[in-house]
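One structure is given here, and the rest of the page talks about it.
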Amino acid sequence: MSRMIHKLEEEIKNKVEKKLHLGHKKEDDKHHEGKQKPPKSGEHKAEHGHHGKHLKEELDSSVGSLVEEFEGDWEPQMGGYSKKLVEFCCSRALTVTCGAIDETISDGSFSRFTFDMMLAWEMPSSADEESHTECVAKEKEEKKVEILTDELQDDVSLFYSDLMPLLVDREPSAGEDAFVWLGTLVPLVGEMVNGRFTFETLTAPTGNRLHFPAYDKFLKEIHRCIKHLQKQETPTGVELADDEFILHVEGTANSQRVVRHIGGTSWPGRLTLTNYALYFEASSIMSYEDALKLDLSKDIEQSVKPAATGPWGAPLFDKAIVYESSELQEGIVLEFPEMTSSTRRDHWLALVKEIMLLHRFLSKFKVESALQVWEMHARTILGIIRLHAAREMLRISPPLPQSFLMFVLLDELPKGDYVLQELAESLKRFNGGHPCSASSILRNLNVSQPCAPCLEPQQISENIEMAQLEDLSSLASAINQAREEGKETDIARATAEGRKEEGISESAQVLMGLLKPLQSLVPWFQGIITWERPLTTSIVIVSTLVVIYKEWVGLAISSFLLWSVAKMMRARRTRIPEKHDRIVIHTGSDQTTMESIVSAQQGLRSVHEILRQTNIALLKIWSILVSRAPKHTNTVMIVLTSCAITLAVVPFKYILIALVLYGSVMTSKLGKYMQNDQGNRRMREWWDSIPVIPVEFVDKESDNLVPHRLVIKRACLPLGDAIFGIRQIE
C-alpha cells in the first residue's frame with residue numbers, strides 16, 4: 001500500500017507541494033490551539049497524496065485545495081482527521097464519477113477508482129496502514145484452520161478457483177466496513193441494509209477479504225445484467241408503465257422451462273417479473289398467448305409460498321411456487337423443473353416475495369412522494385441485479401437470495417421490523433437529485449423511470465454526503481443489532497436441524513426420555529389422592545380450600561412462577577449446563593427381538609382401541625345433540641339447565657370448594673365405605689343405551705345425497721347449524 005502511495009505522490013508532487021505546505025501549517029496551528037499533537041509530516045503527505053491523481057482528474061482540482069476546503073469546516077474536537085478527509089474527498093469525487101458511470105464501468109476505471117477509495121478509507125494514514133497490516137495478518141493466521149476445515153469450501157465457485165493464483169498476499173484487499181461505507185455512498189456496489197451479508201457472501205472463499213479481481217468482476221457482471229434485462233421483450237398484450245422495469249425472465253428458448261399447472265394439465269410458457277407484477281405467457285405454436293398478470297403492487301391479501309407438483313397433480317416434486325390472492329378463486333401454480341435441487345424455485349420465490357414486501361413497505365409506512373417511492377424501487381432493483389451478478393459469479397454454489405434482497409432479509413431477521421421503521425424514516429428525508437442515489441444511477445444507466453421533478457446535482461449542498469451519513473447512524477445501529485441477533489438465531493436453529501432428521505422411533509424415544517422425570521411425580525400425586533400419607537394429603541386439601549376461599553389463585557400462580565425462577569437460578573449457580581451439556585437417552589432393552597415385536601403389536605392394538613372408543617363416544621354425543629335418542633337428550637337438557645341455574649345463583653368459589661371436598665372424601669376410606677356401586681352401574685347402563693349414528697364413507701362430497709342423512713360439512717354453515725357443525729339434508 002505504501003508503494004502505491006509513494007508512486008501517486010511522485011506524480012502530483014510538483015503541483016501540490018506548495019498547497020500541502022500551507023495546509024500543514026494551518027493544520028499545525030489548529031492542533032496547537034486544540035492542545036493536540038499534530039500528525040507527522042509524512043503522515044499528512046500520505047493522507048493528502050493518497051489517490052491524488054484520481055481526485056485531480058475527476059474534480060479538476062488539486063489535493064491541496066481539497067484539503068483547504070475540508071479544513072474550513074473541520075474542527076479538532078471532531079477527531080478522525082485522516083478518515084474524515086478521505087470521506088470528504090471521495091464524496092466530492094463520486095458526485096462527478098457517478099454522472100458517467102455507464103462508461104466508467106465498462107472500461108474498468110470506476111471499479112479501480114472505488115476500490116482505491118475503500119483502501120484509502122481503511123488506511124487513511126501511515127500509522128493506520130501499519131496497524132491494519134498487523135490486524136489482517138493476525139486474522140489470516142486465526143482463520144487458516146477454519147478455512148481448511150470448513151465444509152462449505154467443497155463447493156467454491158470456479159470463478160474464485162480461477163482467480164485464486166492472482167490473489168497473492170502482497171496485493172491489497174478491502175474489508176467489510178470499507179465495503180459497507182462505499183455502499184452508503186454508491187448503492188450500485190451494495191445496499192446499506194444488507195451490505196454486510198453481501199460482503200460475507202462475496203468473500204467467503206477468500207477469507208472475508210475483497211480483492212480487486214473479484215470486485216471488478218462483480219461490477220462488470222452488474223453492468224452486463226442491466227444491459228441484458230433492458231433487451232428483454234415486453235410480455236404479449238402488455239404495456240409496461242414508465243417506471244416498470246423487467247427484473248427476471250425465464251421460459252424462453254435460451255433459458256430453462258417454466259410450467260403452469262391447472263388441475264391435471266400443464267402449460268409451458270414464459271415468466272416475466274417486473275417491479276410491479278408477475279406475467280405468465282402460455283406458449284403457442286409460433287409465439288406466446290396474451291400474458292396473465294399477477295399484480296404484486298395491490299394492497300390486498302396475497303401470498304406466495306413453495307409447493308409440490310407432479311403428473312396429474314400428484315405432489316411429487318418440490319420445485320414449484322403457488323401464488324394465492326383474495327381476488328383469485330384458486331392459486332396459480334408455477335413449476336421450475338430442474339434435475340436435482342430446487343434452486344431455481346427458491347430464487348423465483350425470493351424475487352416475488354421481495355417485490356410484494358416492497359409494495360407492502362411503501363403502503364404500511366405511507367410513502368407517498370414520487371421521488372421517495374422511485375428511490376425505494378431503484379434500491380430494490382439494484383439489489384435484485386446484484387443477486388443476478390452474484391449468481392453468475394458463483395454458479396456452482398449459488399448464494400442465498402436473502403444476502404442481496406433487503407426486504408426478504410428483514411422479513412426473516414430478528415428485529416427486522418425495527419430496521420424497516422428506521423429505513424422508512426431515512427427514506428422520508430430523501431429529497432432526490434443527488435447523482436449517486438439509486439434513482440440517479442439507474443437514470444445514468446439509461447433505465448426508464450417515472451416522470452417526476454428531480455433536483456439537479458448542482459443544487460445539492462457540498463456537504464450533503466456527511467449529513468446523510470449522520471442521519472443514517474440510527475439505521476446502521478438497528479441493522480447491526482438485528483445482524484447480531486440473527487447470528488444467535490442461526491446458531492440456535494442449527495442445533496434444532498438435527499432433530500428434524502429423526503425418524504418416528506427416535507422422536508418417540510426422545511419424548512419418552514424427556515418425560516421420564518415427570519413420571520416420578522405420578523406416584524407422589526397418587527399417594528396424595530389415595531390418602532397413603534394422610535398428613536400430606538390433609539395439608540394439600542386445606543391449602544387448596546384456603547386459596548379458593550380467599551381467592552388467592554393469582555398469588556398461588558405467582559408463587560409457583562417464583563419457585564420456577566429460583567430453580568433456574570439454582571441450576572445456573574450449580575453450573576448444570578456445563579456439567580450436563582447433553583441429554584442421554586437409553587435405548588437398550590431387556591426384551592428379545594420377538595418380545596419387542598409382540599409388545600409393539602400390543603401397543604398398536606391399544607392405540608387402535610383408544611381411537612375406536614373415542615369415535616364411539618363422539619358419535620354418541622352427536623346422537624344426544626341432534627336428539628336421535630330423545631329420552632337421553634331430555635335427561636342431558638335437564639342436567640345442563642340445573643347446572644346453569646346453580647352457576648348463576650351460587651358463587652363459583654363455593655362450587656369449587658364443594659368439588660374439592662367431594663373428591664377428597666370419595667378417595668378416602670370413608671368415601672370407599674359410602675360408595676354405591678349401584679349408581680355407577682346405572683350410569684354405565686344409561687351410557688351404553690345411547691344409539692350411535694351410522695357412518696357412511698363416500699369418495700366425494702355431493703349435494704345429491706340420500707335424504708335424511710346427517711352430513712358433516714367442511715364448508716361454512718348457517719349460524720344456527722354452525723354450533724354443531726352439521727346439517728340435515730331433506
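The values are calculated or read from the model by the stated rules, or taken from the named source; none is laboratory data. Values in this document were obtained by computation on a predicted structure and should not be read as measured data. Using ideal geometry, Cβ is built from the backbone for each residue, glycine included, and neighbour counts are taken over all protein chains shown.
When Ile384, Ile332 are screened for being more than 26 Å from Ser440 (Cα to Cα), of a type in the set (A, V, I, L, M) and in contact (Cβ under 8 Å) with a residue 40 or more places away in the chain, only Ile332 passes. For the range 362-376, the set of residues classified as under 17 Å from Thr274 (Cβ atoms) and under 20 Å from the mean Cα position of the chain (by Cα) consists of Leu362, Met376, listed by residue number. For the range 129-151, the count of residues that are of a type outside the set (D, E, K, R), within 25 Å of the chain's Cα centre (by Cα) and modelled with pLDDT under 90 is zero. Any residue at all in the range 289-296 that's under 25 Å from the mean Cα position of the chain (by Cα), buried (at least 17 other Cβ atoms within 10 Å of the Cβ) and either closer than 29 Å to Asp411 by Cβ or polar (S, T, N, Q) (or both)? Yes, the conditions are met somewhere in the range 289-296. When you scan the range 669-682, do you find a residue that is at pLDDT 80 or above and farther than 20 Å from Ile541 by Cα, even just one? For the range 669-682, residues at pLDDT 80 or above and farther than 20 Å from Ile541 by Cα: present.
Is the range 411-422 home to any residue that is in a loop (DSSP other than H, G, I, E, B) and not aliphatic (A, V, I, L, M)? Among the residues of the range 411-422, at least one is in a loop (DSSP other than H, G, I, E, B) and not aliphatic (A, V, I, L, M), which makes the answer yes.
Looking across the range 308-366 at every residue that is of a type in the set (A, V, I, L, M, F, W, C), in contact with an Asp or Glu (Cβ under 7 Å, 6 or more places away or on another chain) and surrounded by 18 or more Cβ atoms within 10 Å (Cβ to Cβ), the one that is farthest from Arg395 (Cα to Cα) is identified as Leu357. Residues considered: Val695, Val636. Of these, the only one that is more than 29 Å from Ile528 (Cα to Cα), modelled with pLDDT of 90 or more and not hydroxyl-bearing (Ser, Thr, Tyr) is Val636. Against the conditions (1) under 28 Å from Thr667 (Cβ atoms); (2) surrounded by 11 or more Cβ atoms within 10 Å (Cβ to Cβ); (3) more than 42 Å from the chain's Cα centre (by Cα); (4) small (Gly, Ala, Ser), Ser559 satisfies every one except (3).
To keep it simple, each residue is scored yes or no on (1) surrounded by fewer than 20 Cβ atoms within 10 Å (Cβ to Cβ); (2) under 30 Å from Ala174 (Cβ atoms).
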{"position": "Glu191", "(1), (2)": "no, yes"}
{"position": "Asn208", "(1), (2)": "yes, yes"}
{"position": "Ile222", "(1), (2)": "no, yes"}
{"position": "Gln230", "(1), (2)": "yes, yes"}
{"position": "Ala241", "(1), (2)": "yes, no"}
{"position": "Asn254", "(1), (2)": "yes, no"}
{"position": "Arg270", "(1), (2)": "no, no"}
{"position": "Leu273", "(1), (2)": "no, no"}
{"position": "Ala277", "(1), (2)": "no, no"}
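Where helices (runs of 4 or more DSSP H) fall wholly inside the range 447-538, the ranges with 2 or more residues that are closer than 30 Å to Ala378 by Cα and modelled with pLDDT of 75 or more are 473-500. The condition of being among the charged types (D, E, K, R), assigned to a helix (DSSP H, G or I) and at pLDDT below 90 holds for Glu595. Are any residues in the range 306-340 among the polar types (S, T, N, Q) and in contact with a strand residue (DSSP E or B) (Cβ under 9 Å, 6 or more places away or on another chain), and if so, which ones? Matches in the range 306-340: Thr309, Ser325, Ser326.
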